[in-house]
Structures are given as structure tokens and as C-alpha cells.
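Below is one structure, written out as C-alpha cells, with a few remarks after it.
The values are calculated or read from the model by the stated rules, or taken from the named source; none is laboratory data. Predicted, not measured: the structure shown is a model, and the values here were computed from it. With ideal geometry, Cβ positions are generated from the backbone for all residues, glycine too; neighbour counts draw on all protein chains shown.
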Amino acid sequence: MKEEDRAHTAAVLDAPEEHAFAPTGEEDPPGPRLTPYASPMIAAKPGKLVVISGPSGVGKSTVVRQVLERLGPAIRLSISATTRPPRPGEREGVDYYFLTDGEFARRREAGEFLECIEVFGRGHWYGTLWSEVRSSLSQGKWVILEIDVDGAGEVLRQFPEAVTIFIRPESVEELERRLRNRGTESEDAVQRRLAVARHELQRTSQYEHQIVNVTVSRAVDDICEVLRSHGYASEDPAQAPATPCHD
Ligand code: 5GP
């Protein structure tokens, strides 16, 4: 990480309140709390944000899961909030924080999101909570945001030093074949997903790195290589010397 990048990340982390980590208040709903900022320590070197995007069907989640397994405890995945209902098997606080429209809007107005957006073609809101990233970065951890291209633009505006990776299919035809092979989508849904994919594929110039997902293991190798080239080291930052935080 360049010195000025490090200084920028540290400044954003120090800036208090418009990026509020709004503490969860009394009106919080029951259920898992969205973790408020409570880190007692600041690592000597803040972590980095890693934005990973790619069209639906490209195999993003599988690749990201394996990257996390490969890279160890110094990197974690940010859990997003969404207003879309859970799919079968999805778990609150593991796959997403599932919020009502009203709760999402309240948290948006309270400044709790680093970025949030009604994702193109989905009809639901999605957002990255400050509480998912700020304390991890302060502790020197790297944080992966698996978000769409519009959200990526907003993150880059605030964190120009973020590492950005777009996972591409070999071709739109190959993506279409994968979507159809899932066998779970109606023709309408396949067409909608392809329209979103075309939108995303036109917005890839904002990403510093583009990885083609030919095989999962190759894509995982490529992403790990990119992160190491940006200075990622697998040691747990909790073991590194830290300085007390006096905020
Ligand atoms: P899905 O509903 O299939 O889980 O996700 C739909 C889309 O929303 C995907 O492109 C995913 O990357 C994007 N997404 C998930 N979480 C976030 C988020 O926090 N912010 C933004 N901007 N997009 C997100």
C-alpha cells in the first residue's frame, strides 16, 4: 500500500460522523444486532477494501468462498444488508442482514451505509454497512465487498485505494449456457439476468483487475495473486503490534 493510500484509509476511518456507524439504538428490532463499532485497538497499518463484482451466474460466491478459505484470518467477507426476502437455506447474519423496507430506510437516513443502492434489475435495496468494515479495517484486516458495479463506483469514490476485481465469464454465450444449465430459472428470469449482465459488462473499466472464470481454481489463484500484489499478507493482524485507540 502506498503511503498516501494508507493515510487516506486512516483518515476515512478516523472521520467520525457522517459515515456514522450509527450505534444501534433502543428502537432496534429483535434479532441479531448489526454490530456497532467497538474496537479498542487500531492496528499500525489499516486493512484494505477489496471490491469483487461480476454477473449473476459467473460463480462469484464460490470463488470468493475459496479465496477466503485460502487466505486465512486476515481477510473477511462483509455481510450486506438487503430488503430482498431470504431464499431457501439463506441465514440471517450469515448470507445477509434481511431488513424490512422501513428498517433499511431508517438505517440509510442514519448514515449507517458506506454505500447502498437499489441494485440494477433487482427491485431490492442492498447496502454495505459501516459496521461491517470499519472496525475490521482499523484492526488491519482486509474486507471483501461482493457488490454490484454501481455500489463499486460509490466505494471507489470514498476509498480510491480499494482493490477492485471484476470476475468475467468467458463470454455472454457461456454465461447464458451456465444460467440455463442451472435449470432453476424461467426464460424470463434468464433474459433479465442477461440484461443485468450486459449492463455490468459495460461498466468494467472502473475495475483495476479483471479475472476470467474459466475454472474456479484458476480464478481463485488469480485473485489471491492480485491481493498479494497489493500487499496482502496472511498473518493474522491481531498478532501484529497494535496501538491503543483513544477515540
Ligand atoms: P443476490 O440477490 O443474487 O444475492 O445479489 C444480487 C446482486 O446484488 C449481486 O450483483 C450482488 O453483488 C449485489 N449486492 C449484494 N450485496 C450488495 C451490497 O451491499 N451493495 C451493492 N451495491 N450490491 C450488492
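If you take the residues of region 89-103 that are under 24 Å from residue 55 (Cα atoms) and not in a loop (DSSP other than H, G, I, E, B), which of them is nearest to the ligand (Cβ to nearest atom)? Full working, then the answer.
Within region 89-103, the subset under 24 Å from residue 55 (Cα atoms) is 89-99.
When the remaining residues are screened for being not in a loop (DSSP other than H, G, I, E, B), the result is 92, 96-98.
On the way: 92: 14, 96: 7, 97: 10, 98: 11 Å.
Per the criteria, the residue is 96.
Candidates 86, 55, 73: the one that is outside any strand (DSSP E or B) and more than 12 Å from the ligand (Cβ to nearest atom) is 73. When the residues of region 157-211 are filtered to those that are touching a residue at least 40 places away in the same chain (Cβ under 8 Å) and among the acidic types (Asp, Glu), the one that is farthest from residue 118 (Cα to Cα) is 170.
Can residue 182 be described as within 16 Å of the ligand (Cβ to nearest atom) and either crowded, with 16+ Cβ neighbours inside 10 Å or not assigned by TED's automatic domain parsing to the domain that holds residue 220 (or both)? No; evaluated as a whole, the condition is false for this residue.
Out of the residues in region 156-201 that are of a type in the set (Gly, Ala, Ser) and outside any helix (DSSP H, G or I), state the one that is nearest to residue 215 (Cα to Cα). Quick ask: steps written out before the conclusion?
Here is the first cut: in region 156-201, the residues of a type in the set (Gly, Ala, Ser) are 162, 171, 183, 186, 189, 195, 197.
Those still in the list that are outside any helix (DSSP H, G or I) too: 162, 171, 183, 186.
On the way: 162: 25, 171: 14, 183: 20, 186: 26 Å.
Among them, the one singled out is 171.
Of all residues in region 135-157, exactly one satisfies the criterion of being near the ligand (Cβ under 8 Å from one of its atoms) and over 22 Å from residue 57 (Cβ atoms), namely 154.
Within region 116-134, can you find the residues that are part of a strand (DSSP E or B), more than 6 Å from the ligand (Cβ to nearest atom) and under 17 Å from residue 157 (Cβ atoms)? 116 - this is the single residue of region 116-134 that is part of a strand (DSSP E or B), more than 6 Å from the ligand (Cβ to nearest atom) and under 17 Å from residue 157 (Cβ atoms).
Residues of region 209-218 that are surrounded by 14 or more Cβ atoms within 10 Å (Cβ to Cβ) and either over 19 Å from residue 179 (Cβ atoms) or within 16 Å of the ligand (Cβ to nearest atom) (or both): 209, 210, 211, 213.
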